[in-house]
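S.K.: Have a look at the structure that comes next, please.
The values are calculated or read from the model by the stated rules, or taken from the named source; none is laboratory data. The structure displayed is predicted, hence computed values, not measured ones. No Cβ is skipped: glycine too gets one built from the backbone with ideal geometry, and neighbour counts run over all protein chains shown.
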Amino acid sequence: MRVIRTLLLAGAAVALVCAQQFKFNLDQLAGKASETVDLSLTGSTLRFAARFLDDKDPDDAKVKKLIAGLEGIYIKSFEFKKEGAWSPADLEGVRSQLRAPEWSRIVGFKSAAEGETAEVWVRNEKEKVTGVAILGTSPKSFTVVNIAGAVDLESLAELGGNFGVPKLEKVPPRQR
């Protein structure tokens, strides 16, 4: 569950990436869920929110830069009281839309012990990242995040250690 929450926080807090880039098709899960999050932030809503960020604050300035190119952030998250409320077919219904050549998976995580999975996909157009999709599941939860729009990966890297974004240490070059 920690990994899923970290990925969800990273997607929402970082706010990286016209419209939703794929269909969630998860209405069948809403009736089974004990808790549901359905967030749709369009580009105009994000630009309005950015007006309240302080350009003099370094963290606010970074977030403002990140959301400048966004077209929207869309999140659907479901929590269930019992395991088995969602099926692998539900996950595959979303995953099947994230195919090459536009989409590529850059991170995959699976914990057999805890039954958790997480995937991060990026959408590339003309050698620019134009979207991010995050899929996270546990036996009692199912979350999909779509961040649509231009993603500045350098700005994302600068946010490491802030806003729930993991800090990634540079790996030193191997000695020959």
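S.K.: Could you please find all residues in the range 26-60 being part of a helix (DSSP H, G or I) and either touching an Asp or Glu at 6+ places or on another chain (Cβ under 7 Å) or closer than 21 Å to Arg95 by Cβ (or both)?
M.R.: Asp27, Gln28, Leu29, Ala30, Gly43, Asp60
S.K.: Which pairs turn up if I take residues in the range 90-104 that are assigned to a loop (DSSP other than H, G, I, E, B) and look for partners that are surrounded by fewer than 17 Cβ atoms within 10 Å (Cβ to Cβ) with beta carbon separation below 9 Å, at least 6 apart in sequence or on another chain?
M.R.: Between residues of the range 90-104 that are assigned to a loop (DSSP other than H, G, I, E, B) and residues that are surrounded by fewer than 17 Cβ atoms within 10 Å (Cβ to Cβ), the close pairs are Gln97/Lys23; Gln97/Asn25; Leu98/Ser104; Leu98/Arg105; Pro101/Asn124; Glu102/Asn124; Glu102/Glu125.
S.K.: Condition first: at pLDDT 90 or above and either of a type in the set (A, V, I, L, M, F, W, C) or touching an Asp or Glu at 6+ places or on another chain (Cβ under 7 Å) (or both). Now tell me which residues in the range 92-101 satisfy that.
M.R.: Scanning the range 92-101 gives Val94, Leu98.
S.K.: Restricting attention to the range 61-84, which residues are assigned to a loop (DSSP other than H, G, I, E, B) and surrounded by 15 or more Cβ atoms within 10 Å (Cβ to Cβ)?
M.R.: The answer is Ala68, Gly69, Phe80.
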